[in-house]
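The values are calculated or read from the model by the stated rules, or taken from the named source; none is laboratory data. Since we're looking at a predicted model, the values are computed, not measured. Cβ coordinates were reconstructed from backbone atoms using ideal geometry, including for glycine residues, and neighbour counts include every protein chain displayed. Side chains are part of the model used for accessible areas, which takes the heavy atoms of the whole protein and leaves out ligands, DNA and RNA. Shrake-Rupley method; radii C 1.70, N 1.55, O 1.52, S 1.80 Å.
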Amino acid sequence: MNIQGPEIYYTLPGGIHITETIVNMWILMALITAVCAYLGHNLKDKPESRRQVIAEYIVSKLYNLVGETMGEKNLVFAPYIGTLITFSALGSLASLAGFRPITADLNVPLAWALVTFIMVQTFKIKGRGIGKYLKGFFEPTPVIAPLNIISEIANPISMAFRQFGNIASGVVITSLIYMALAGLSNMVFNAVPIPLFQLGIPAFLSIYFDLFTGLLQAYIFCVLTMVFVAEATN
């Protein structure tokens, strides 16, 4: 896995790069679409298959999470939150299948954070009106208006860098350990073509960097999204 960034597969006219991240995202979107189509196909009023039971269980857990975090009136955001947490979690766990995590590319979590930022500002303006929205930056005193503006802008940036930093650092650390173990294997077992020290040890690292950190950062990102949007709609 390239620790310097996603590989560029092809460059379109105009300098538009088709990167490893874009390809992996389309693969992931196709996978999620196929699973959703399978789980949501031919549903009945009363569950008659294990497939429908699983689908209803996932949806009910999602709506419970959104309702408890954002309030019952904001359940309309459940599909967006469900999409975000699924995409984020699977995008980070892609490394377990040998793919570069899409969340290790800053462009991906930054794009999600910008969508959240636009939603927050839109609902604040809609709920308070443009006058009270602008006035809020000068409260409690006009002196701290620049700090209020910086704080508002810093939210999506911190969200994006938190997830990107954790996932990208895991990719770098794991790759460096792989290379170090390969070099150590060549030194100790020069006659053996297989890097024996790479067997087993990296698997324990993947449990933390790929599985635990990936799921945790996806959850944190979505909880922050729910908190910011819920605050804006109140």
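In the chain, carbon and sulfur make up what percent of the accessible area (probe 1.4 Å)? Provide the component values of the computation, followed by the final result.
On the way: 9790 of 14050 Å².
C and S atoms contribute 70 percent here.
Once the Cα atoms are used to define both axes, helix 20-39 deviates from the longest principal axis of the chain by about 70 degrees.
For a straight C-alpha distance cut-off of 18 angstrom, the lysines reachable from Lys124 (same-chain residues fewer than eight places away being disregarded) are Lys73, Lys132, Lys135.
At 1.4 Å probe size, with every protein chain present, just tell me what the per residue accessible area of the chain comes to in Å².
Working: 14050 Å² over 234 residues.
Result: 60 Å² per residue.
For Lys44 and Leu176, the difference between the fully extended length at 0.36 nm per residue and the C-alpha to C-alpha distance is 42.4 nm. Placing R0 at 45 angstrom, the Cβ-Cβ distance between Ile18 and Ile220 gives a FRET efficiency of 0.90 after rounding to 0.05.
Ranking request for peptides 138-150, 97-109, 11-23: highest mean number of other beta-carbon atoms within 10 Å first, then the rest in descending order. Don't skip to the end; give the middle numbers.
On the way: 138-150: 10.8, 97-109: 21.2, 11-23: 13.2.
The packing order, highest mean first, is 97-109, 11-23, 138-150.
How far is helix 107-135 tilted off the main Cα axis of the chain, in degrees rounded to 10, range 0 to 90? The helix 107-135 is inclined about 10 degrees to the chain.
Nearest 20 debye, what's the magnitude of the dipole of the chain about its Cα centre given +1 on Lys and Arg Cβ and -1 on Asp and Glu Cβ? Walk me through the numbers before you get to the answer.
Values: 13 positive and 12 negative charges, 99 e Å.
Its charge dipole is roughly 480 debye.
Straight-line reach from Lys44: taking Cα to Cα under 24 Å and skipping same-chain neighbours fewer than 8 places apart, the lysines in range are Lys61.
Near the amide H of Thr19, within less than 5 Å, lie the amide hydrogens of Tyr9, all on another chain or at least 5 residues away, with H placed in the peptide plane. Test of the criteria: in region 1-74, which chymotrypsin sites (Phe, Trp or Tyr not before Pro) are in a DSSP loop and have at most 11 other Cβ atoms within 10 angstrom of their Cβ? The qualifying sites: there are none. The Asn107 and Lys73 beta-carbon pair, evaluated with R₀ = 25 Å, returns a calculated FRET efficiency of approximately 0.15.
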